[in-house]
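The structure appears below as structure tokens.
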Amino acid sequence: MEPAVKYRLIKTEKHTGARLGELITPHGTFPTPMFMPVGTQATVKAIAPEELDEMGAGVILANTYHLWLQPGEDLIKEAGGLHKFMNWQKPILTDSGGFQVFSLAENRNITEEGVKFKNPINGDRLFLSPEKAMQIENDLGPDIMMSLDECPPFFESYDYIKHSVERTSRWAERGLKAHQNPDWQALFGIVQGAGYEDLRRQSAQDLVSLIFRAIQLVAYPLANRRPK
């Protein structure tokens, strides 16, 4: 099976390892690095899709958690997915709700199974698991999806961050198993580890072994990797 998204390396800066490349998706190709406008609720505030296109925006980021609350993934799926709902035919990336695990800390509780939230709109109890996040993102229909992670505060203890990284890796594996559209939606992992380099390396290695290999993402050639 062909990967949903491919990466093509254009150039590597030999002294720093900085890379110039492009991501090839079902809805077009965009360069990396690049500026990605944030369209939290399927719209970039005060800017029309046509204006974003004229500006040269190559991809928009939408927020899984907030779209889950309003208007709901069912309505967006019925409308034909985010691309039609937003009137945006270029690539779209959705996060997983993992950042809300950090930003809404006062209204959530983390367990091994997932995250319990208090709905800020009506007070209802919500539960976001890796499987639920994946179902929402599958229904939203972006080109690139992020796996549910725990985004911990930077200055937590080493033991806390270690457990958090291990849980994020387990959640990534669960989300991968729940992914329904690997032929046209790419699933990316999110490296965690706060300020601890060894834990960031562990997180990256866990995710490469799970997600990136599983979706066969075409990365840059091994010969172009920067030596350690």
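The values are calculated or read from the model by the stated rules, or taken from the named source; none is laboratory data. Not measured: the values here are computed from a predicted model. As a convention, Cβ positions derive from the backbone with ideal geometry for all residues, glycine included, and neighbour counts pool all protein chains shown. Please note that ligands, DNA and RNA were not included when accessible areas were found on the heavy atoms of the full protein model with its side chains. Shrake-Rupley method; radii C 1.70, N 1.55, O 1.52, S 1.80 Å.
The residues 174, 8, 200, sorted by heavy-atom accessible surface at 1.4 Å with ligands and nucleic acids left out, run 8, 200, 174 from largest to smallest. Among the listed values [x] 138; [y] 177; [z] 114, the one matching volume of the Cα convex hull per residue in Å³ as calculated from this structure is [x].
Around the Cα centre of the chain, unit charges on the Cβ atoms of Lys, Arg, Asp and Glu (plus for the first two, minus for the last two) sum to a dipole of about 720 debye.
In region 69-207, the portion of solvent-accessible area held by carbon and sulfur atoms comes to 51 percent [1.4 Å probe, whole percent, DNA, RNA and ligands not counted].
Taking every C-alpha pair closer than 8 Å and separated by at least 6 residues, the mean separation divided by the residue count of region 60-150 gives a relative contact order of 37 percent. Exactly which GluC sites (Glu not before Pro) in region 38-136 are in a DSSP loop and have at most 16 other Cβ atoms within 10 Å? Of the GluC sites (Glu not before Pro), the ones in loops of region 38-136 whose Cβ has at most 16 other Cβ atoms within 10 Å are 112, 113. Computed over protein heavy atoms with a 1.4 angstrom probe, the accessible surface ordering of 45, 11, largest first, is 45, 11.
If you take the Cα centroid of region 42-100 and the Cα centroid of region 163-202, the two points sit 22 Å apart. Can you spot the lysines whose alpha carbon is less than 27 Å from residue 116's alpha carbon? Ignore those fewer than 8 places along the same chain. List returned: 77, 132, 162, 177.
Excluding ligands, DNA and RNA, the accessible surface per residue across the chain is 54 Å² with a 1.4 Å probe. Heavy-atom accessible area, probed at 1.4 angstrom with all protein chains present, ranks 158, 7 as 158, 7, highest first.
At 222 nm, what helix-only mean residue ellipticity would the chain give, in deg cm²/dmol to the nearest 500, using -39500 (n - 2.57) for each DSSP H run of four or more? Helix contribution divided over all residues of the chain: -9000 deg cm²/dmol.
For the chain, the relative contact order works out to 21 percent when only alpha carbon pairs closer than 8 Å and six or more residues apart are counted. Accessible surface of residue 90, taken over heavy atoms with a 1.4 Å probe and every protein chain present, rounds to 60 Å².
Accessible surface for residue 104 stands near 50 Å², nearest 10, in the context of the full protein assembly shown (1.4 Å probe). A probe of 1.4 angstrom, applied to the heavy atoms of all protein chains, finds residue 74 with accessible area near 110 square angstrom.
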